[in-house]
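The values are calculated or read from the model by the stated rules, or taken from the named source; none is laboratory data. Everything numeric in this text was worked out from a predicted model, so none of it was measured. Cβ atoms come from the backbone with ideal geometry, glycine included; neighbour counts cover every protein chain shown.
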Amino acid sequence: MKKILIATDGSDSAHEALEFGLDLAAEQVAQAFVVHVAPRVDAMPCASFAVITPTIPHELTEHDREPLDEAVETAAEKGVDVETELLKGNPADEIVAFADTIDADLIVVGSRGHGAVASALIGSVSRGVLHESRRPVLVVRGTHVAVGAGVPA
């Protein structure tokens with residue numbers, strides 16, 4: 001394994017995927033790439049119940065770079081060199097396209113574990129990457145267990 005692509009959005013599950021992907025890159029002596037995908041457009045607030053929500057092109061800001069800056073810090077703590085790329089568009093499409101561009105051997109993504117109904121309503125980046133990619137995809141599921149959910153602390 002020579003190139004590992006890790007996708008992040010700054011969430012807890014993405015951070016776990018980042019940690020796992022960086023550890024794997026260090027173990028395999030592979031080049032690590034981290035991407036974050038910003039939206040192509042932003043929805044404008046609308047006072048009416050319009051069928052079509054007005055949108056404007058998304059302007060990239062420092063806020064969009066934050067997940068990548070955090071990834072660089074995490075990689076430095078682990079002693080792993082990392083290259084970052086800020087992309088714009090549909091997350092699953094952009095992650096898969098970038099993996100193809102760099103000829104990645106593996107794509108690492110996190111999963112928030114929304115479940116079938118929530119994933120159907122809001123979509124799932126990890127599911128989209130799994131569906132679209134012809135490359136191996138590793139989905140890192142969160143290990144956190146909610147206290148008080150019938151599981152002893």
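Whenever a residue of segment 17-45 is within 11 Å of Asp81 (Cα to Cα), its partners that are β-branched (Val, Ile, Thr) and not in a strand (DSSP E or B), lying with C-beta atoms within less than 8 angstrom and at least six residues away or across chains, give the pairs Leu22/Thr74; Leu22/Val80; Ala25/Val80; Ala26/Val80; Ala32/Val80; Phe33/Ile102; Val34/Thr8; Val34/Val72.
Based on this model, can you work out whether Asp93 counts as surrounded by fewer than 18 Cβ atoms within 10 Å (Cβ to Cβ), more than 30 Å from Ile56 (Cα to Cα) and at pLDDT 95 or above?
Numbers: surrounded by fewer than 18 Cβ atoms within 10 Å (Cβ to Cβ): yes; more than 30 Å from Ile56 (Cα to Cα): no; at pLDDT 95 or above: yes.
In short, no.
Looking at the structure I just gave you, is Arg134 more than 13 Å from Ile6 (Cα to Cα) and at pLDDT 95 or above? Against the criterion (more than 13 Å from Ile6 (Cα to Cα) and at pLDDT 95 or above), Arg134 qualifies.
The one condition from (1) within 26 Å of Asp103 (Cβ to Cβ); (2) under 18 Å from the mean Cα position of the chain (by Cα) that Pro39 does not meet is (1). Suppose the filter is farther than 25 Å from Gly128 by Cα, modelled with pLDDT of 95 or more, surrounded by 11 or more Cβ atoms within 10 Å (Cβ to Cβ) and in contact with an Asp or Glu (Cβ under 9 Å, 6 or more places away or on another chain); does Val80 pass it? So Val80 fits the description; yes.
Restricting attention to segment 81-115, the residues that are of a type outside the set (D, E, K, R) and over 18 Å from Ser11 (Cβ atoms) total 10.
Screening segment 86-111 for residues that are of a type in the set (Asp, Glu) and more than 12 Å from the chain's Cα centre (by Cα) and picking the one that is nearest to Val139 (Cα to Cα) gives Asp105.
Restricting the first member to segment 61-82 and to residues that are free of Cβ contacts under 8 Å to residues at least 12 places away in the same chain, and the second to residues that are in a helix (DSSP H, G or I) and buried (at least 17 other Cβ atoms within 10 Å of the Cβ), no beta-carbon pair is closer than 6 Å while six or more apart or on different chains.
In segment 65-93, what residues are part of a loop (DSSP other than H, G, I, E, B) and at negative phi? So that I can check it myself, show each step before the final result.
Narrowing segment 65-93 to residues part of a loop (DSSP other than H, G, I, E, B): 79-81, 89-90.
Answer for segment 65-93, where residues must be part of a loop (DSSP other than H, G, I, E, B) and at negative phi: Val80, Asp81, Asn90.
When segment 1-24 is filtered for residues that are at pLDDT 95 or above and within 15 Å of Ala99 (Cα to Cα), the ones remaining, listed by number, are Lys2, Lys3, Ile4, Leu5, Ile6, Ala7, Thr8, Gly21. For segment 12-50, the set of residues classified as surrounded by 15 or more Cβ atoms within 10 Å (Cβ to Cβ) and hydroxyl-bearing (Ser, Thr, Tyr) consists of Ser13 only. The residue that is surrounded by the most Cβ atoms within 10 Å (Cβ to Cβ), counting only those in segment 96-118 that are assigned to a strand (DSSP E or B) and modelled with pLDDT of 95 or more, is Val109.
Out of the residues in segment 29-64 that are assigned to a loop (DSSP other than H, G, I, E, B) and of a type in the set (Ser, Thr, Tyr), state the one that is modelled with the highest pLDDT. Full working, then the answer.
First pass over segment 29-64, keeping only residues assigned to a loop (DSSP other than H, G, I, E, B): 29-30, 39-40, 44-54, 58-61.
Now drop any that are not of a type in the set (Ser, Thr, Tyr), which leaves 48, 53, 61.
On the way: Ser48: 62, Thr53: 72, Thr61: 91.
Only one residue fits best here, namely Thr61.
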